[in-house]
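Taking it in order: structure first as structure tokens, then the write-up.
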Amino acid sequence: MSLVAVSQRDRLVVWQWIRLVMVLLLVLEFTLFATIVPHRPSADDRFEKSLPGGPWANVIGQSGYWPVICGILVVLAIYAAKTTIICLCERIGLAITTFATILMACVPVFWVFVTTDWNNPHAELAYWLTTPVGLLTIPTIGMVIDLQLRPYRKIGQYVFKTAIEFILIPLWFYAWVLIEFVLGFYWI
């Protein structure tokens, strides 16, 4: 057995362990979300009561720039993980499942820290779908494209494609909000 074959096998084992740890953390994260996060105020409470942070607050009552900053940090972490997976994980199936696990781990973080519709009386389905779909669609499409194009011959190609994705994320996010209005996820 050659040294290269052992190295590839060892990398495969490491990626499998990473994926296993991510799945365990994912289960823990959703369990904590279900048990620790308080229930969302009822529609009547959201209409009639003054709730912490006002109608545009996240679960912990933050509004303003804090949810935006948290969202940006999560998206940057997603891209750091995506770049690591693209560069170091050779097996497509393992890369896809690892990235999917990372995306699923972002959903409760978005619901608690980023989504600002917790107290919004006009957002039922939108609370659950706006931020995850709005912020995870472009990185997911980018990952599919990256898996098709790798290995990149020049790092500049990857950087350019990633820069385009960063521009598309807010554009898609606002387009998704408009689609949600049409679909009735928000109501006025």
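Among what's in region 135-178 and is of a type in the set (D, E, K, R) and part of a helix (DSSP H, G or I), pick the residue that is surrounded by the fewest Cβ atoms within 10 Å (Cβ to Cβ).
Just the residues of region 135-178 that are of a type in the set (D, E, K, R), to begin with: 146, 150, 153-154, 161, 165.
From what's left, part of a helix (DSSP H, G or I): 146, 161, 165.
Numbers: D146: 22, K161: 14, E165: 20.
Ranking the qualifying residues of region 135-178, first place goes to K161.
The rows are residues; the columns are (1) part of a helix (DSSP H, G or I); (2) modelled with pLDDT of 90 or more; (3) farther than 29 Å from T35 by Cα; (4) touching a Leu at 6+ places or on another chain (Cβ under 8 Å).
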{"position": "K82", "(1), (2), (3), (4)": "yes, yes, yes, no"}
{"position": "I86", "(1), (2), (3), (4)": "yes, yes, yes, yes"}
{"position": "G93", "(1), (2), (3), (4)": "yes, yes, yes, no"}
{"position": "A100", "(1), (2), (3), (4)": "yes, yes, no, no"}
{"position": "A105", "(1), (2), (3), (4)": "yes, yes, no, yes"}
{"position": "F110", "(1), (2), (3), (4)": "yes, yes, no, yes"}
{"position": "F113", "(1), (2), (3), (4)": "yes, yes, no, no"}
{"position": "D117", "(1), (2), (3), (4)": "no, no, no, no"}
{"position": "N120", "(1), (2), (3), (4)": "no, no, no, no"}
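Of the conditions (1) among the aliphatic types (A, V, I, L, M); (2) under 30 Å from P151 (Cα atoms); (3) at pLDDT below 95; (4) assigned to a helix (DSSP H, G or I), M1 satisfies every one except a single condition; which number is it?
That leaves (4) as the condition not met.
When only residues in region 24-57 that are assigned to a helix (DSSP H, G or I) and surrounded by 15 or more Cβ atoms within 10 Å (Cβ to Cβ) count, which is modelled with the lowest pLDDT?
So the first thing to find is which residues in region 24-57 are assigned to a helix (DSSP H, G or I), and the list is 24-36, 43-48.
Right, trim to surrounded by 15 or more Cβ atoms within 10 Å (Cβ to Cβ) and you get 26, 29, 33, 46.
Numbers: L26: 93, E29: 93, F33: 91, R46: 74.
Of everything passing the filter in region 24-57, R46 is modelled with the lowest pLDDT.
Look at L125 and say whether it is in contact with a Cys (Cβ under 9 Å, 6 or more places away or on another chain) and in contact (Cβ under 8 Å) with a residue 60 or more places away in the chain.
Working: in contact with a Cys (Cβ under 9 Å, 6 or more places away or on another chain): no; in contact (Cβ under 8 Å) with a residue 60 or more places away in the chain: yes.
Spelling it out, it is not the case that L125 is in contact with a Cys (Cβ under 9 Å, 6 or more places away or on another chain) and in contact (Cβ under 8 Å) with a residue 60 or more places away in the chain.
Can you tell me which of (1) among the aromatic types (F, W, Y); (2) in contact with a Cys (Cβ under 6 Å, 6 or more places away or on another chain); (3) closer than 19 Å to Y127 by Cβ is the one W15 doesn't meet?
So W15 meets the others, but not (3).
List pairs: first in region 157-170 and in contact (Cβ under 8 Å) with a residue 24 or more places away in the chain, second assigned to a helix (DSSP H, G or I), Cβ under 6 Å, 6+ apart or cross-chain?
Once the first residue is in contact (Cβ under 8 Å) with a residue 24 or more places away in the chain and sits in region 157-170, its partners that are assigned to a helix (DSSP H, G or I) give E165/I138; E165/G142; L168/I138; I169/I138.
Considering every residue within region 122-132, establish whether at least one is at pLDDT 95 or above, out of contact with any Ser or Thr (no Cβ under 8 Å at 6 or more places or on another chain) and surrounded by 19 or more Cβ atoms within 10 Å (Cβ to Cβ).
Yes, the conditions are met somewhere in region 122-132.
Does region 63-80 hold any residues that are surrounded by 20 or more Cβ atoms within 10 Å (Cβ to Cβ) and without any contact (Cβ under 8 Å) to a residue 60 or more places away in the chain, and which are they?
Of everything in region 63-80, just one residue is surrounded by 20 or more Cβ atoms within 10 Å (Cβ to Cβ) and without any contact (Cβ under 8 Å) to a residue 60 or more places away in the chain, namely P67.
The values are calculated or read from the model by the stated rules, or taken from the named source; none is laboratory data. In this text the structure is predicted, and so the values were computed from the model without any measurement. When we count neighbours, we look across all protein chains shown, and the Cβ atoms used for this are built from the backbone with ideal geometry, even at glycine.
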